[in-house]
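Below is one structure, written out as structure tokens, with a few remarks after it.
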Amino acid sequence: MTSFVDRAVLHVQAGNGGHGCVSIHREKFKPLGGPDGGNGGHGGSVLLTVDPGVHTLLDFHFKPHVRAENGKGGAGKNRDGANGSDLVLHVPNGTVVQTEDGEVLADLIGNGTTFEIARGGRGGRGNAGLANSRRRAPGFAELGEPGEHIDVVLELKSVADVGLVGYPSAGKSSLIAAISAARPKIADYPFTTLVPNLGVVRAGNDTFVVADVPGLIPGAATGKGLGLRFLRHIERCAVLVHVVDCATLETDRNPVEDIEVLEEELAAYGGLADRPRVIVLNKMDVPDARDLADIVRADLAHHGWPIFEVSAVTHEGLKELVFALAEIVNEQRAEAPAAEPTRIVIRPRAVDDSGFTLTREDDGTFVVHGDKVRRWVLQTNFDNEEAVGYLADRLNRLGVEDALAKAGAQPGDPVRIGDREFDWQPTVVAGDEYTPSQRGTDWRFEEQTHRPTAAQRLAARKARRRRFEDAEAEAGGPDAGAEAGDEPEGDDGG
Ligand SMILES: Nc1nc2c(ncn2[C@@H]2O[C@H](COP(=O)(O)OP(=O)(O)OP(=O)(O)O)[C@@H](O)[C@H]2O)c(=O)[nH]1
Ligand SMILES: [Mg+2]
């Protein structure tokens with residue numbers, strides 16, 4: 001069974017915020033002791049953190065759905081709900097977090113580097129927290145916000161300074177085993193190495209990391225052999241080392257051609273052209289290999305790359321190689337300093353929390369954009385008139401109503417915020433909150449939903465008639481007045 005996975009799709013769900021609570025304090029002889037509904041707890045966030053003990057994305061391959069804990073709801077007696085705990089996922093150094101469209105969200109380098117991949121929803125305020133001098137006992141509470149949901153692709157691009165490339169059985173794994181503490185599998189058949197290996201090499205006071213990737217063969221770019229997919233592990237390398245087998249038994253191969261073929265494959269992968277190269281002629285302990293090296297040295301010189309003759313078995317020439325690599329790595333690091341492995345927390349997308357923008361769609365719907373307004377809508381319990389009224393007041397105070405009026409919105413026009421669509425009814429009492437007489441209700445809904453009462457209708461009719469009679473008296477002509485005066489009477493009967 002494979003134990004190395006360097007690409008995984010992850011479905012991330014942060015915890016929802018707990019709902020706020022509506023509660024009124026009750027006590028003997030003190031029936032209405034004020035609001036005491038507690039706040040909901042915040043939902044847990046999902047974090048990725050670089051852990052030096054993790055070398056594969058295997059866990060996510062088997063368990064691609066992750067979710068953090070929800071916040072608990074508030075309760076009476078001002079008891080706030082517990083926050084949901086964060087979910088911390090441990091990833092290998094060099095994990096790249098991408099959206100499914102390939103947009104890079106974070107490149108996690110350095111042990112302890114942490115990235116908040118999905119933020120937990122805020123808990124809703126309870127009615128105690130929503131009370132103020134004018135709204136003494138709110139009959140509603142805020143809903144908890146849903147936690148963020150995101151689907152991402154995790155890709156491991158190993159963090160190494162030197163990448164070893166070469167044909168299968170060239171001796172890459174033997175080399176890394178000889179110069180570092182890495183102990184990869186070594187054998188005389190091709191494709192012994194199926195997953196990349198990393199080894200830390202010490203050269204005097206310098207250390208650098210070497211990556212041994214599975215062997216390449218001609219046509220790797222078209223998927224031959226193990227293909228090019230493991231080359232992502234040498235993408236970050238400062239130096240590429242061609243490990244060439246000088247003792248191959250295959251008659252149709254020679255070091256000059258081996259390097260040319262692999263350069264073509266690297267070019268097909270792309271993005272590696274700027275990296276300095278080093279040529280390592282391996283297996284110098286074999287007599288024939290030494291002879292071959294003498295022949296090809298001149299042919300290889302045109303590349304202008306340093307050439308080393310070594311044996312991974314006898315360790316001949318390895319010291320020179322290691323110190324030369326350290327020097328090149330240091331030069332490269334000085335040119336482009338590597339990301340400092342600091343314990344930083346990277347947060348996703350900075351959001352503009354301050355305002356809102358207004359657009360209009362082709363079908364005439366007004367759309368209010370903005371993180372704040374979207375959140376307010378999520379916090380609103382639309383079954384509670386008072387809560388909806390509170391939302392209207394908030395939007396009004398932010399200037400959404402003014403903006404809609406300026407944009408030419410007419411009462412009844414559709415307005416969308418987040419996933420919610422409303423009919424726009426301008427608030428009459430601009431900028432002023434209204435304290436309802438009954439909890440959970442809002443007078444504005446009364447006006448819209450209820451017909452005028454019979455008494456109101458009668459009063460209106462009388463007023464109309466009085467106005468008509470006054471006009472009549474001024475114009476003169478009682479006949480016409482009697483006819484017109486009958487009409488309201490007829491209405492009354494119907
Ligand atoms: N004589 C001799 N044999 C070597 C030397 N280096 C490696 N070998 C042998 O070559 C064979 C292949 O070595 P590996 O290190 O597995 O080669 P590799 O490049 O990692 O091969 P893949 O993982 O298949 O791509 C093994 O049998 C090694 O013992 C060397 O310097 N001298
Ligand atoms: Mg190998």
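The values are calculated or read from the model by the stated rules, or taken from the named source; none is laboratory data. If you're wondering where the values come from, they're calculated on a predicted model, not measured in any experiment. Methodologically, a virtual Cβ is constructed for each residue, glycine included, from the backbone with ideal geometry; neighbour enumeration extends over all protein chains shown.
Here the condition is being of a type in the set (D, E, K, R) and within 10 Å of ligand 1 (Cβ to nearest atom); of 283, 224, it holds for 283 alone.
Per the listing 107, 101, the residue uniquely touching a strand residue (DSSP E or B) at 6+ places or on another chain (Cβ under 6 Å), away from ligand 1 (no atom under 16 Å from the Cβ) and modelled with pLDDT under 90 is 107. There is at least one residue in region 187-205 that is within 11 Å of ligand 1 (Cβ to nearest atom), in a strand (DSSP E or B) and touching an Asp or Glu at 6+ places or on another chain (Cβ under 6 Å).
Among the residues examined, residue 164 qualifies as in contact with a helix residue (DSSP H, G or I) (Cβ under 9 Å, 6 or more places away or on another chain) and within 15 Å of ligand 2 (Cβ to nearest atom).
If the condition is being part of a helix (DSSP H, G or I) and under 30 Å from residue 93 (Cβ atoms), then region 260-290 contributes 262, 263, 265, 266, 267, 268, 269. When region 170-205 is limited to residues that are near ligand 2 (Cβ under 8 Å from one of its atoms) and of a type in the set (Ser, Thr, Tyr), the one that is farthest from the chain's Cα centre (by Cα) turns out to be 174. Report the residue count in region 237-259 for those that are more than 16 Å from ligand 1 (Cβ to nearest atom) and either within 30 Å of residue 157 (Cβ to Cβ) or in a loop (DSSP other than H, G, I, E, B) (or both). Total satisfying the criteria: 7. Of all residues in region 182-202, those that are assigned by TED's automatic domain parsing to the domain that holds residue 214 and within 21 Å of residue 94 (Cβ to Cβ) have Cβ atoms under 9 Å from Cβ atoms of residues that are within 11 Å of ligand 1 (Cβ to nearest atom) and of a type in the set (Ser, Thr, Tyr), 6 or more apart or on another chain, in 182/173; 184/173; 184/174; 184/192; 184/193; 193/173; 197/173. I need every pair where a residue in region 279-292 that is assigned by TED's automatic domain parsing to the domain that holds residue 321 has its Cβ under 8 Å from the Cβ of a residue that is of a type in the set (Lys, Arg) and surrounded by fewer than 21 Cβ atoms within 10 Å (Cβ to Cβ), sequence separation at least 6 or different chains. Close Cβ pairs (under 8 Å, with a partner that is of a type in the set (Lys, Arg) and surrounded by fewer than 21 Cβ atoms within 10 Å (Cβ to Cβ)) amount to 284/290. Per the listing 68, 137, the residue uniquely assigned by TED's automatic domain parsing to the domain that holds residue 20, modelled with pLDDT of 90 or more and of a type outside the set (Val, Ile, Thr) is 68.
Set side by side, the residues 415, 429 differ, and just one is surrounded by 11 or more Cβ atoms within 10 Å (Cβ to Cβ), closer than 30 Å to residue 135 by Cα, of a type in the set (A, V, I, L, M) and modelled with pLDDT of 60 or more, which is 415.
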